[in-house]
1. Would you confirm whether or not segment 277-292 contains a residue that is over 19 Å from the mean Cα position of the chain (by Cα), among the aliphatic types (A, V, I, L, M) and not in a helix (DSSP H, G or I)?
2. Taking interchain pairs and intrachain pairs at least six residues apart, which have beta carbon atoms under 6 angstrom, with the first residue in segment 172-199 and closer than 17 Å to residue 262 by Cβ and among the small types (Gly, Ala, Ser) and the second at pLDDT below 90 and surrounded by fewer than 24 Cβ atoms within 10 Å (Cβ to Cβ)?
3. So which of 131, 90 ends up being under 21 Å from residue 71 (Cα atoms) and small (Gly, Ala, Ser)?
4. Can you tell me which residues in segment 156-190 are among the hydrophobic types (A, V, I, L, M, F, W, C) and either part of a loop (DSSP other than H, G, I, E, B) or within 21 Å of residue 133 (Cα to Cα) (or both)?
5. For residues that are modelled with pLDDT under 90, surrounded by 14 or more Cβ atoms within 10 Å (Cβ to Cβ) and not β-branched (Val, Ile, Thr), tally how many sit in segment 86-110.
6. Being of a type outside the set (Asp, Glu), modelled with pLDDT of 90 or more and touching a helix residue (DSSP H, G or I) at 6+ places or on another chain (Cβ under 9 Å) is the requirement here; does residue 211 meet it?
7. Residues in segment 141-171 that are polar (S, T, N, Q) and over 20 Å from the mean Cα position of the chain (by Cα): how many?
Amino acid sequence: MNPYILTILLFSLGLGTTMTLTSSHWFFAWMGLEINTLAILPLMAQQHHPRAVEATMKYFLTQATGAATLLFASITNAWLTGQWDILQMSHPLPTTLVILALSLKIGLAPLHTWLPEVLQGLDLITGLILSTWQKLAPFALFLQIQPTNPTILITLGVISTLVGGWGGLNQTQLRKILAYSSTAHLGWMILILQFSPSLALLTLIMYLIMTSSTFLVFKLNKSTSINMLATSWAKAPALTTLTPLILLSLGGLPPLTGFMPKWLILQELTKQELAPLATLTALTALLSLYFYLRLTYAMTLTMSPNNVTGTAPWRLSSLQLTLPLALLTTATISLLPLTPAMMVLFMS
């Protein structure tokens, strides 16, 4: 892609997200989401491959549906209450519609079915943008609206953690696994959103760090399926040693960074006298942990098949910048001891 066009698209991507983050009016928030969607479409379709074009069309249709529903909900809210302000959502009908529209845009279950298919058709860097940056603007709107009926957020959260765990069990494609992982993590965030918005924000930041490092590892290894992971020892032995820690951190095992948000969320749910919900959510985390362990096993404890398609590749030097990967991997593995500092920073 022409560097000037790429610069304009990335600038528009940043502009759309910034506009939504800073707006207090529903119309400007909607406009930011639309700019965001339109800016990423050429990035998704740049491969000129049928799968990429198909993924782009699916993404466009789902995002257009979500944006139309959001605009309809905000107009309905203005009609019923006379308010365009995001913080003044008081009527249950438009509030519910907005929650469902934003759920569709970020891929919360049961409105998640587009996400694995779209992510599977993209290259890893565009998939990284879709799984991280594209979640920021809708999540900022989630943080601002006060649901009149808290049951809907809890229901969406529980279904997302269950579907995110179950859906990834039988997958062999890494991008689909990461899509279901995204749905499960978003379920944890939505679950705690109404009780502790600051904790939901902390969980989002930890998710962004862990997911970014996972995508960059797969990009460095040029891996898109579980079988291709088995050859990664020949490309980057040191990174192959660290990658299981990154995957287990995504699964939420102590003493890794991913344990911090899960621990704090379960603690907060217990404080809110929702111990059965906390128990159910902790059990759904085991489903996700299984497929992370499966990836770890494939990467470290299996040898690649010695046939023509599975021949170990040459260890050619990679052109990818490794500094971002090094910083993100360090953060993914070793931030748990900073939990007290994070609590002071986010909870105060």
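1. no
2. Short answer, once both residue conditions are applied: 198/346; 198/347.
3. Step by step, each of 131, 90 is checked, and only 90 is under 21 Å from residue 71 (Cα atoms) and small (Gly, Ala, Ser).
4. Residues satisfying the conditions are 169, 174, 177, 178, 179, 184, 186, 188, 189, 190.
5. Qualifying residue count, segment 86-110: 4.
6. yes
7. Of the residues in that region, 4 qualify.
The values are calculated or read from the model by the stated rules, or taken from the named source; none is laboratory data. These figures come from a predicted structure and were not determined experimentally. All Cβ positions, glycine included, derive from the backbone under ideal geometry; neighbour counts span all protein chains shown.
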